Each structure stands twice: as C-alpha cells, then as structure tokens.
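Accompanying notes for the structure given below.
The values are calculated or read from the model by the stated rules, or taken from the named source; none is laboratory data. Predicted model only: the values in this text are computed from it and were never measured. Neighbour counts run over all protein chains shown; Cβ positions are idealised from the backbone, glycine included. Just so you know, the surface numbers come from the protein's heavy atoms only, side chains and all, with ligands and any DNA or RNA stripped out. Shrake-Rupley method; radii C 1.70, N 1.55, O 1.52, S 1.80 Å.
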Amino acid sequence: MRRLLPWAFWAALAFTFVMAALPHPPRIPGDPVDKVQHMAAFTVLTALAHLAWPAISRLRLLIILSAFGALIEVVQAIPALHRDSDWRDWVADTVAILVTLALAAMVRGFVRGRQAEAATLRNGTSRRQ
C-alpha cells in the first residue's frame, strides 16, 4: 500500500495541474467556489505527500507545494488559456497546506503517544506509578 502513495500523489498533482490549466475545466458537482476547489486540491496533495514521504520535513513540503500553487497562478495568467490568475488562490492553497500539515502533526503526535502508552502497558509498567 505504501508503495502506491507516491503514485497517487503524482497522479493527483498532474490532475490538479491539468484542471487548473484547462481553458474550460469541467464543472464539479455542487459547483463549489474557486477557493474551496483550491483548498480541497491542496489538502489532498499535502496529505498524499506527507504520507508518501514521511521523512521530508513539513517546512520543505510547505515550500514545494506552495511553489506549485504559485506556478498554477502563473500558468493561469497566460492569456491564451482564458483563465483568471488570482494571488488569493495561492493564499488559499498555502492555508490549506498549513492546516493539513498541522493536523498531520497533531495526529502523528497522538498516535505516537498512544503507541508509547501501549508499549508501557505491554512492558508491565504504568505511567501512574
């Protein structure tokens, strides 16, 4: 399963880029506003990247994925694409990355704490002694 995560990340990254660069992308059910679409895409990209490459620092993931968001806005500024480039989309991307990385850190801390507690109980000791 873990070996599939990088492939899933690269597929999601390619999908995100293509959808952002298409002159007339297909409508999404429910027709969410543009910022919601950006935040959803970058939440998924961040989660997949964090799971696929857990050794990469959160700061490095933030920089790389935020730069990808900026690249999308530069591409959308190309007149032939008939897309609207908006710096606020990049901000939405970056906020989604930050929130996702913060949640991932919290979950990882919780899981590690539970694992340490389980190991302590298995060894016959308790933290309450």
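Using 0.36 nm per residue, how much length does the chain from TRP7 to TRP87 gain when fully extended, once their Cα-Cα distance is taken away? Provide the component values of the computation, followed by the final result.
Numbers: separation 80, 0.36 × 80 = 28.80 nm, distance 2.90 nm.
Contour length minus the Cα-Cα distance gives 25.9 nm.
For a quick size check, give me the Cα extents of the chain along its three principal axes, largest first, whole Å.
69, 30, 28
For the chain, which whole percent of the accessible surface, found with a 1.4 angstrom probe, sits on carbon and sulfur atoms?
69
How much accessible area per residue does the chain have, in Å², with a 1.4 Å probe?
Values: 8890 Å² over 129 residues.
Result: 69 Å² of accessible area for each residue.
State to the nearest 20 debye the size of the charge dipole of region 5-115 about its Cα centre, where the only charges are +1 on K and R beta carbons and -1 on D and E beta carbons.
The calculated dipole for region 5-115 is roughly 580 debye.
Between LYS35 and GLN115, what length comes free when the chain is fully extended (0.36 nm per residue of separation minus the Cα-Cα distance, one decimal in nm)?
Stretched fully, the LYS35-GLN115 segment lengthens by 25.1 nm.
Relative contact order (percent) for region 44-129, with alpha-carbon contacts under 8 angstrom and 6 or more residues of separation?
Values: 47 pairs, mean separation 23.9, N = 86.
That works out to 28 percent.
Tell me, what is the FRET efficiency for MET19 and LEU103 to the nearest 0.05, using R0 = 25 angstrom and their Cβ-Cβ distance as r?
According to the calculation, E is roughly 0.55.
For the chain, what is the calculated [θ] at 222 nm in deg cm²/dmol (nearest 500), taking -39500 (n - 2.57) for each run of four or more DSSP H residues and dividing by its residue count? Write out the running numbers ahead of the final one.
Values: 4 runs with 92 residues, N = 129.
After summing the helix terms and dividing by residue count, I get -25000 deg cm²/dmol.
Please report the net charge: other residues with Cβ closer than 14 Å to the Cβ of LEU51, K and R +1, D and E -1.
Neighbour charge sum, excluding LEU51 itself: +4.
7 Å from Cα along Cα→Cβ at both ARG58 and ALA70: what's the point-to-point distance in nm?
Between ARG58 and ALA70, the simple spin-label model gives 2.1 nm.
Taking 8 Å as the Cα distance limit and 6 or more residues as the minimum spacing, I'd like the relative contact order of region 1-96 as a percentage.
On the way: 80 pairs, mean separation 35.0, N = 96.
This gives 36 percent for region 1-96.
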